[in-house]
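Single-structure report; data block below.
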């Protein structure tokens with residue numbers, strides 16, 4: 001083979017090797033762009049994906065976080081917003097979702113003609129070329145890099161899930177719904193969760209805020225709220241900021257008002273409050289609609305911003321909700337202020 005042919009052949013091989021990587025990058029970018037564009041469209045239309053009109057749809061969906069009906073595991077991050085959006089668009093009455101194969105494995109099936117929704121799966125792996133001897137071909141599954149191994153490469157892929165309302169012959173345990181919010185202003189499980197965090201919650205004044213230098217949450221007394229349920233929505237927003245302290249999840253809490261980092265943190269706290277409220281059967285609402293302009297600016301400038309915010313919000317919500325295990329709910333009618 002002549003030298004020129006060798007060069008052309010090597011170029012051809014290199015191009016073939018690079019094409020799958022290019023396709024993967026393109027698919028990844030399009031997924032970020034597709035979901036971010038959807039969120040922006042919702043915001044521009046006056047709909048906040050993390051505070052959907054609970055109970056307004058024809059299905060009157062129960063409050064709660066979306067979960068995998070086969071495993072019982074709750075979805076997190078951007079997937080919560082994606083599935084909430086489809087829930088209300090279609091008027092589904094259940095927060096349960098599963099894949100086509102999971103429905104079959106449970107003895108059920110997805111009805112013919114039903115359309116699923118794409119959710120995301122993010123993880124890391126170590127390419128074969130980066131593995132040290134003895135790595136054994138094992139991929140990383142969210143565990144980070146290991147000593148002696150090469151750099152982990154993040155990847156993002158989509159898969160399709162269906163609401164249980166789109167399926168037939170599923171077992172009864174897949175169709176369960178969360179209990180409705182009791183008709184009272186005091187929510188014992190919310191009071192118990194706030195108390196179990198041992199956060200420094202200072203009641204009084206006319207403004208709600210978290211002050212990192214004091215590591216303290218300040219909130220007006222519940223009767224000061226026009227709708228008293230907003231006391232809890234506001235409290236968990238501020239406790240969302242509280243999770244970002246350097247001794248906890250260590251987010252950037254030092255940015256100045258009006259900056260992108262400040263808007264990002266407000267977005268994280270807002271979505272955290274929505275996730276926690278939903279888990280406690282409290283209807284999420286938008287407390288900081290005045291930040292809409294800043295949020296839109298952030299999302300238009302970075303198609304991964306909503307992914308990061310939702311992911312951080314899930315971690316913050318999980319951090320707060322973990323305290324439920326250490327503190328029983330208060331008896332009906334009791335509250336701490």
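Output yes when any residue across the stretch 280-294 is closer than 18 Å to residue 193 by Cα, out of contact with any strand residue (DSSP E or B) (no Cβ under 8 Å at 6 or more places or on another chain), surrounded by fewer than 18 Cβ atoms within 10 Å (Cβ to Cβ) and outside the structural domain of residue 77 (by TED's automatic domain parsing), and no when none is.
yes
So residue 70 passes all but one of these: (1) at pLDDT 90 or above; (2) in contact with a helix residue (DSSP H, G or I) (Cβ under 7 Å, 6 or more places away or on another chain); (3) not in a loop (DSSP other than H, G, I, E, B). Which condition number does it fail?
Failing condition for residue 70: (3).
Out of the stretch 250-263, which residues are under 20 Å from residue 208 (Cβ atoms), touching a residue at least 40 places away in the same chain (Cβ under 8 Å) and surrounded by 14 or more Cβ atoms within 10 Å (Cβ to Cβ)?
Passing the criteria: 251, 253.
Being part of a helix (DSSP H, G or I) and either assigned by TED's automatic domain parsing to the domain that holds residue 313 or touching a residue at least 40 places away in the same chain (Cβ under 8 Å) (or both): is that true of residue 202 here?
When the stated conditions are applied, residue 202 does not pass them.
Which residue pairs have Cβ atoms under 6 Å apart, sit 6 or more places apart or on different chains, and have a first residue in the stretch 156-169 that is under 14 Å from residue 90 (Cα atoms) and not assigned by TED's automatic domain parsing to the domain that holds residue 119 and a second that is assigned to a strand (DSSP E or B) and modelled with pLDDT under 95?
Correct list of pairs: empty, since none qualify.
Only one residue in 225, 209, 236 is under 23 Å from residue 279 (Cα atoms) and touching a strand residue (DSSP E or B) at 6+ places or on another chain (Cβ under 7 Å). Which one?
It is 209.
So which residues in the stretch 210-219 are part of a strand (DSSP E or B) and closer than 10 Å to residue 242 by Cα?
210, 211, 216, 217
Provide a single number: the residues in the stretch 85-109 that are without any contact (Cβ under 8 Å) to a residue 60 or more places away in the chain, part of a helix (DSSP H, G or I) and either surrounded by fewer than 17 Cβ atoms within 10 Å (Cβ to Cβ) or in contact with a helix residue (DSSP H, G or I) (Cβ under 6 Å, 6 or more places away or on another chain) (or both).
4
Please identify the pairs in which a residue from the stretch 302-328 that is closer than 23 Å to residue 39 by Cβ and assigned by TED's automatic domain parsing to the domain that holds residue 273 has its Cβ atom under 6 Å from the Cβ atom of a residue that is surrounded by fewer than 18 Cβ atoms within 10 Å (Cβ to Cβ) and modelled with pLDDT under 95, counting only partners at least 6 apart or on another chain.
303/33; 314/76
Within the stretch 24-60, work out how many residues are crowded, with 16+ Cβ neighbours inside 10 Å, touching a strand residue (DSSP E or B) at 6+ places or on another chain (Cβ under 9 Å) and modelled with pLDDT of 65 or more.
Residues flagged as crowded, with 16+ Cβ neighbours inside 10 Å, touching a strand residue (DSSP E or B) at 6+ places or on another chain (Cβ under 9 Å) and modelled with pLDDT of 65 or more within the stretch 24-60 amount to 3.
Out of curiosity, is residue 118 at pLDDT 90 or above and touching a helix residue (DSSP H, G or I) at 6+ places or on another chain (Cβ under 8 Å)?
Answer is yes for this residue.
The values are calculated or read from the model by the stated rules, or taken from the named source; none is laboratory data. Please read all numbers here as calculations on a predicted model, not as lab measurements. Heads up, the Cβs are rebuilt from the backbone with ideal geometry, glycines too, and the neighbour counts pull from every protein chain shown.
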